[in-house]
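*Asks:* What follows is a single structure, and I will ask about it in a moment.
The values are calculated or read from the model by the stated rules, or taken from the named source; none is laboratory data. Remember, it's a predicted structure, so these values are computed and weren't measured experimentally. Here the Cβ positions follow ideal geometry from the backbone for every residue, glycine too, while neighbour counts run over all protein chains shown. Only protein heavy atoms, including side chains, enter the accessible area calculation; ligands, DNA and RNA are left aside. Shrake-Rupley method; radii C 1.70, N 1.55, O 1.52, S 1.80 Å.
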Amino acid sequence: MSAQYKLVHCTINGKEVEKMVDVRASLTDMLRNDYHLTSVKKGCEVGECGACNVLINGEAFNSCIYLAVWAEGKDIRTLEGLLSPDGELSDIQKAFVEETAIQCGFCTPGFIMTAVEILETGKLYTDEELRKLLSGHLCRCTGYENIFRAVKKTMYRRHGKAIDF
Amino acid sequence: MYDMKALYEASSVEEAVALRVAHPEAQIIAGGSDVLVQMREGRRAGKELISIYGIDALRGVSLDAEEALRIGSLTSFSHITRDPLIQKYCNVLGEAVDQVGSPQIRNIGTIGGNTCNGVTSADSASTLHAYEAIVELTGQNGVRRLPIKDFYIKAGQVDIKPDEIQTAILIPKASWENTFGHYIKYGLRNAMEIATLGCSVNVRLSADKRTIERCRIAYGVAGPVPMRCPSAEAAANGAAPSKALAERFARAVIDDINPRDSWRASKAFRQHIAVEMAKRALTRAVELAGGEMA
Ligand SMILES: Cc1cc2nc3c(=O)[nH]c(=O)nc-3n(C[C@H](O)[C@H](O)[C@H](O)COP(=O)(O)OP(=O)(O)OC[C@H]3O[C@@H](n4cnc5c(N)ncnc54)[C@H](O)[C@@H]3O)c2cc1C
Ligand code: FES
Ligand code: FES
């Protein structure tokens, strides 16, 4: 059958945009191919690894198992949206650098967007809760401990609290 | 790109029903966490899909006129867990679906999809069976309601007519009132893991907390579809909560369940953990109800 297209209008990283999208596209396809947001990685493409994770209306979703047409009217945020206008990294990104929470970097954007969802709840989670909240991401390099520290450190900083790991 | 033949989008239940009638070959997609994965794997390749994900009227939890808890079929797991009515009246359901996959899966996965897939390991299913939930389906001739045990026909198959979609799951007041439950999921790891066995127990105690007035237990993965355990329930109903009762109750489970050997676990192992899980879940449910295992 001939390709079926639909006009999809949404907000991406604060900017209102619209494009004709193939209905067979995943949100990963749309963000990478139509909007060149290459922080959104293609890992497993079946919802297991979290490399493609983005925020939709403030909640974390694996964009590989999300139809692009569902983005209609939604507020979407990717890692690119965290940079300040002068190119400065956000606190959570800096914490990832400080804690050496990045090696190859493939899992990093997905992890950071989940961290953003966690941090924006404004809650101070226990270690156990935080581990559970981060459990939707696979990292083949770091062994997770530094990632955990980066998120925990940022959470404590935002609460103005001293941290003891 | 997904290998999809065509996509039809419904923004209301009426539209969804009309699309079902117009495209009998098409399959329903809600959150898509089963459908899109199976399409990617080739199992659903080349199919037409009817998306109901945009029907916002099917989202949310409320109390209906009869004070049944009404959960819209598109309500995501994370929204169920966070919902104040669920926390107040059926907290065990919120806890059960909080054990699905990962946070991202809990944001996309819906309770409708978790029951319509007919899968025995579905984390909501044992609790919904143990609470005698009612499934609401809407089709051309209006609304049809049936007990969840009749909704499941066999593994992977549920009772949805060609013109219907599931619109809600209801937990009647008689089922949640004064009732406390606990769910245990046994998996090989904590996150991103399908249950090897799931066990949900709930109890209602007498006012003096000395008698179990009603006990219900259901399992996932103890058979081809989720199932209740009548022998175990009979052992507990009307009895005084005690450690000896918990032993008797848990052993009776063996007469009811019918697990199989799979790569995940053997039948013997599932039987073994079923007994232990029944004991622990009953003990916890009694505690939550304010009772004590003497
Ligand atoms: C990585 C990963 C991990 C997972 N882990 C778990 C887990 O731990 N526990 C668990 O229980 N599940 C798990 N799942 C499975 C899945 O997330 C759940 O079954 C979820 O509830 C499916 O809901 P959905 O809305 O995404 O369904 P969909 O994929 O949209 O649909 C599932 C099925 O139900 C039908 N359907 C859906 N809604 C309706 C409706 N309203 N009316 C009629 N038919 C309908 C569809 O046609 C399809 O056959 C996992 C999935 C992934 C990808
Ligand atoms: S690429 Fe989406 S979860 Fe792995
Ligand atoms: S840093 Fe390489 S996968 Fe996580």
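*Asks:* Which value, in debye to the nearest 20, describes the size of the charge dipole of the protein assembly as shown about its Cα centre when Lys and Arg Cβ atoms bear +1, Asp and Glu Cβ atoms bear -1, and nothing else is charged? It would help to have the intermediate numbers written out before the result.
*Replies:* Values: 55 positive and 57 negative charges, 241 e Å.
So the dipole magnitude of the protein assembly as shown works out to roughly 1160 debye.
*Asks:* Here's another thing I want to ask about it. Please work out the Kirkwood hydrodynamic radius for chain A, using every pair of different C-alpha atoms, and report it in angstroms with one decimal place.
*Replies:* Working: mean 1/r = 0.0609 Å⁻¹.
Result for chain A, one decimal place: 16.4 Å.
*Asks:* By its C-alpha gyration tensor, with a ≥ b ≥ c as the square roots of the eigenvalues, how is the range B:60-174 shaped: rounded for a/c under 1.5, else prolate for a/b larger than b/c, else oblate?
*Replies:* oblate
*Asks:* Under the classification rounded if a/c is under 1.5, otherwise prolate if a/b is larger than b/c and oblate if not, where does the range B:1-83 fall, given a ≥ b ≥ c as square roots of the Cα gyration tensor eigenvalues? Can you show the working numbers first?
*Replies:* Numbers: a/c = 3.18, a/b = 1.67, b/c = 1.90.
The shape class here is oblate.
*Asks:* Under a crude label model (7 Å from the Cα following the beta-carbon direction), how far is residue B:143 from residue A:5 in nanometres?
*Replies:* Label at residue B:143, label at residue A:5, 4.2 nm between them.
*Asks:* Looking at this model, which pairs from A:19/A:74; B:154/B:267; A:19/B:47; B:149/B:173 are more than 22 angstrom apart at the alpha-carbon? Working shown, then result.
*Replies:* Values: A:19/A:74 14 Å; B:154/B:267 19 Å; A:19/B:47 25 Å; B:149/B:173 18 Å.
Those over the limit are A:19/B:47.
*Asks:* Classify the protein assembly as shown as rounded, prolate or oblate from the Cα gyration tensor: take a ≥ b ≥ c as the square roots of its eigenvalues, call it rounded if a/c is under 1.5, otherwise prolate when a/b beats b/c and oblate if not. Walk me through the intermediate numbers first.
*Replies:* Working: a/c = 1.97, a/b = 1.32, b/c = 1.49.
It is oblate, given that a/c is not under 1.5 and a/b is not larger than b/c.
*Asks:* From largest accessible area down, sort B:254, B:169; use a 1.4 Å probe on the protein chains. Kindly include the intermediate steps, with their values, before the conclusion.
*Replies:* Details: B:254 65, B:169 0 Å².
Correct descending sequence by accessible area is B:254, B:169.
*Asks:* Right, something else. For the protein assembly as shown, what is the mean residue ellipticity at 222 nm derived from helices alone (per DSSP H run of n ≥ 4: -39500 (n - 2.57); sum divided by total residues; nearest 500 deg cm²/dmol)?
*Replies:* -9000 deg cm²/dmol
*Asks:* For the range B:197-266, which chymotrypsin sites (Phe, Trp or Tyr not before Pro) are in a loop by DSSP, counting at most 10 other Cβ atoms within 10 Å? Spell out each step's value before the answer.
*Replies:* Numbers: sites: B:219, B:249, B:263; in loops: B:263.
For chymotrypsin sites (Phe, Trp or Tyr not before Pro) across the range B:197-266 that sit outside H, G, I, E and B with at most 10 neighbouring Cβ atoms in 10 Å, the list reads B:263.
*Asks:* If you don't mind, there's one more thing I want to ask. Compute the Rg to Rh ratio over the range A:5-80 from the alpha carbon atoms, using the Kirkwood formula for Rh, and round to two decimal places.
*Replies:* Working: Rg = 10.9 Å, Rh = 11.9 Å.
Reported Rg/Rh, Kirkwood definition of Rh: 0.92.
*Asks:* In whole Hz, with x marking every Gly and Pro, tabulate ³J(HN,Hα) for the range B:4-16 from phi via Karplus 6.51 cos²θ - 1.76 cosθ + 1.60, θ = phi - 60°.
*Replies:* Values per residue, Gly and Pro as x: 10, 6, 7, 10, 10, 10, 9, 10, 9, 4, 4, 4, 4 Hz.
*Asks:* When the label point is put 7 Å from the Cα of residue A:141 along its Cα-to-beta-carbon vector, which residues of the range A:78-109 have a backbone N closer than 12 Å?
*Replies:* Counting backbone N atoms under 12 Å from the label point, the list is A:97, A:100-109.
*Asks:* On to the next question. Under 18 Å Cα to Cα from residue B:279, which lysines show up? Leave out anything in the same chain fewer than 8 places away.
*Replies:* B:185, B:243
*Asks:* Let me see the pair-distance distribution of the range B:181-288: every alpha carbon pair, 5 Å bin width, integer percents in order.
*Replies:* The distribution over the range B:181-288 is 2, 14, 25, 25, 16, 10, 6, 2, 0, 0, given as percents.
*Asks:* Can you give me the distance in nm between label points at residue B:12 and residue A:44, each placed 7 Å from the Cα along the Cα-to-Cβ direction?
*Replies:* 4.0 nm
*Asks:* Membrane-span-like helices in chain A: DSSP H runs reaching 15 Å or more (Cα, own axis), mean Kyte hydropathy at least 0.0?
*Replies:* For chain A, where a helix must reach 15 Å along its axis and average at least 0.0, the hits are A:108-120.
*Asks:* Also: Using Cα positions and a limit of under 21 Å, work out the lysines in reach of residue A:161, with same-chain residues fewer than 8 apart set aside.
*Replies:* A:94, A:123, A:152, A:153
*Asks:* Given a Förster distance of 22 angstrom, what is the FRET efficiency for residue B:207 paired with residue B:287, based on the Cβ-Cβ distance and rounded to 0.05? Before the final figure, lay out the partial values.
*Replies:* On the way: r = 17 Å, r/R0 = 0.77.
Here the calculated transfer efficiency is 0.80.
*Asks:* Under 19 Å from a label point 7 Å along Cα→Cβ of residue B:266: give me every residue in the range B:168-204 with its amide N that close.
*Replies:* Backbone N within reach: B:187-188, B:196-197.
*Asks:* Between the range B:7-46 and the range B:253-293, how many Å separate their Cα centres?
*Replies:* Spelled out, the Cα-based centre of one part sits 36 Å from the other.
*Asks:* Sticking with this structure for a sec: Please give the residues of the range A:80-107, grouped as numeric ranges, whose backbone N is less than 15 Å from a label point set 7 Å along the Cα-to-Cβ vector of residue A:161.
*Replies:* Those under the cut-off are none; the list is empty.
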